[in-house]
């Protein structure tokens with residue numbers, strides 16, 4: 001008996017299969033009810049026309065057909081893409097630069113890290129409020145600065161401007177994100193081989209060459225992970241856009257999530273909104289598959 | 001020569017870091033300075049010295065008239081159960097996935113892993129009607145159930161990695177001492193999980209405290225709104241009274257900022273870990 005259980009212990013298992021199942025049952029059950037069944041239900045709703053009350057009318061793939069014709073879906077998809085590229089440009093790359101500078105610096109590492117990471121703590125409602133003030137055309141700091149340095153003609157109503165609203169929102173979102181990227185990159189950089197830098201210096205490489213040929217290859221895996229994660233996050237984003245522009249002006253900053261929310265909870269086109277939400281899920285899952293593939297490849301090497 | 005070069009390099013590095021730190025802090029400083037002054041004072045711009053400090057008046061107005069006392073209470077009522085749901089369910093499941101064998105183990109784990117990738121927008125419409133049928137719309141329960149249960153996959157994943165890092169010899173030793181399997185879990189494993197729990201609690205509390213979309217969809221009464229939602233409606237009601245809104249912002253972020261100051265390393269590691277597995 002003792003020997004049998006000791007053997008069992010060595011293979012890393014305890015308990016009876018029944019106990020194992022009983023332990024996972026609450027988690028699986030609750031998640032199945034609130035996470036998995038709703039996905040299936042979403043798909044069922046997407047095959048119907050339904051204003052939210054009364055009977056559902058089965059319409060087959062009509063909602064999907066409408067979605068494919070609707071230019072707003074294309075615009076929302078495009079805006080999500082622009083948003084993700086903007087975040088990579090305004091947060092992932094600055095985060096990488098900050099992490100390199102911070103790893104190279106001697107003192108104050110913890111203080112700087114604390115400061116740069118801090119915006120990540122804030123609810124998007126606060127982020128949106130603060131940045132709406134900064135972008136306010138009358139008393140906002142952005143325009144005050146522009147006027148102070150003699151660029152009055154660039155002092156516009158940022159969030160109401162069809163061209164500049166999305167970049168302005170991206171700047172606000174990036175503010176909460178570069179410190180977070182920086183922390184991840186710092187962890188990766190601290191695992192790199194210091195001798196490679198010495199070797200590169202002896203070979204006469206300059207800072208940019210060292211960055212591109214020594215640093216980046218060593219953290220390539222983490223860099224890819226962060227970029228793919230940013231892509232997923234950028235397709236799920238809702239709060240900051242909804243709070244700062246409501247998708248406006250004139251749908252110019254409409255993204256998938258705000259579009260789904262409006263079609264469902266404002267216009268009561270629940271079937272149609274469910275169809276768009278299925279599309280969003282497919283997009284996010286497709287990007288997630290990439291991440292899993294990359295992780296596998298990373299584990300192999 | 002080399003010394004001089006490293007010194008100048010160092011100056012460049014620190015100049016850049018300090019500029020970036022100022023950029024990061026400007027929005028926060030604007031908010032604090034706005035909350036301190038009187039509304040009439042504001043037109044001078046946020047970076048002038050206030051002529052008159054009306055801190056106490058601003059905060060009591062936000063607290064009582066702005067009903068931030070109610071929003072704060074609601075945030076607490078909605079956050080604590082969601083954290084308890086995740087901790088209890090995820091600890092059990094995480095332990096089981098790490099240390100037990102049972103039929104369907106890998107399939108069930110894969111299902112939970114896949115669950116972490118589902119965007120909330122994909123489940124919010126059916127969830128709304130499910131809660132409607134359960135008469136949970138416009139209750140605290142709708143918010144903490146949704147936020148709690150949808151946090152289970154990540155919590156399980158995290159607890160599983162944690163239990164996998166504990167040596168199996170611990171369980172063997174407990175069994176040789178005559179512990180039952182359940183006893184070994186409760187008396188040997190659970191006391192070791194506090195560090196993992198702190199990370200999970202921080203992660204889940206922050207997710208719950210800051211959540212906006214879930215209460216936006218499920219809560220309609222002002223009496224039940226948590227801080228972020230209350231703050232949004234408050235700011236649209238008092239669009240011109242920025243000093244009061246700024247006071248509301250500070251009330252909203254205060255608990256997390258305090259936690260962050262004392263537990264920053266733990267905070268940073270649990271949040272970054274949360275993201276990279278998600």
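Read-outs: derived from the displayed coordinates by stated rules, not from any lab. Since we're looking at a predicted model, the values are computed, not measured. So basically every Cβ, Gly included, is an ideal-geometry build from the backbone, and we count neighbours across all protein chains shown.
Descriptive notes on the structure:
- Prolate/oblate/rounded label for chain A (Cα gyration tensor, a/c 1.5): oblate
- Residue-averaged 222 nm ellipticity for the protein assembly as shown, from DSSP H runs of 4+ at -39500 (n - 2.57), nearest 500: -22000 deg cm²/dmol
- At R0 = 30 Å, FRET efficiency that the Cβ-Cβ distance of residue A:16 and residue B:80 yields, to 0.05: 0.35
- For the protein assembly as shown, the orientation-averaged shadow of the C-alpha convex hull comes to 31.4 nm² (one quarter of the hull surface).
- Potential extension, residue A:145-residue A:49 segment - 0.36 nm per residue separation minus Cα distance: 29.4 nm
- Three-way shape call for region A:226-301 based on the alpha-carbon gyration tensor, with the a/c threshold at 1.5: oblate
- Working from Cα pairs under 8 Å separated by at least six residues, relative contact order for chain B is 31 percent.
- Cα-Cα pairs of region B:74-277 separated by more than 32 Å (percent): 27 percent
- Computed from the C-beta positions of residue A:293 and residue B:64, the FRET efficiency with R₀ = 60 Å rounds to 0.60.
- Stokes-Einstein D (µm²/s) once Rh is taken as the Kirkwood radius of region B:26-132 over alpha-carbon pairs, at 25 °C in 0.890 mPa s: 129 µm²/s
- Rg(Cα) / (2.2 N^0.38 Å) computed for region B:86-181, rounded to two decimals: 1.37
- Sorted largest first, the spans of the alpha carbon positions of region B:211-262 along the three principal axes are 35, 27, 16 Å.
- Convex hull volume per residue for region A:182-280, taking Cα atoms only, in Å³: 131 Å³
- Global size of region B:133-189: 17.9, 52 Å for Rg and Dmax (C-alpha atoms, Rg to one decimal, Dmax whole).
- Computed on chain A, with alpha-carbon pairs under 8 angstrom and 6+ residues apart, the relative contact order is 27 percent.
- Inter-part distance where region B:202-250 and region A:121-143 are each reduced to a Cα centre, Å: 16 Å
- Rh (Kirkwood; distinct C-alpha pairs) - region A:93-163, Å: 14.7 Å
- Relative to the current alpha-carbon distance between residue A:197 and residue A:213, full extension at 0.36 nm per residue lengthens the span by 4.8 nm.
- Distance in nm between pseudo-label sites at residue B:13 and residue B:111 (7 Å out along the Cβ direction from Cα): 5.1 nm
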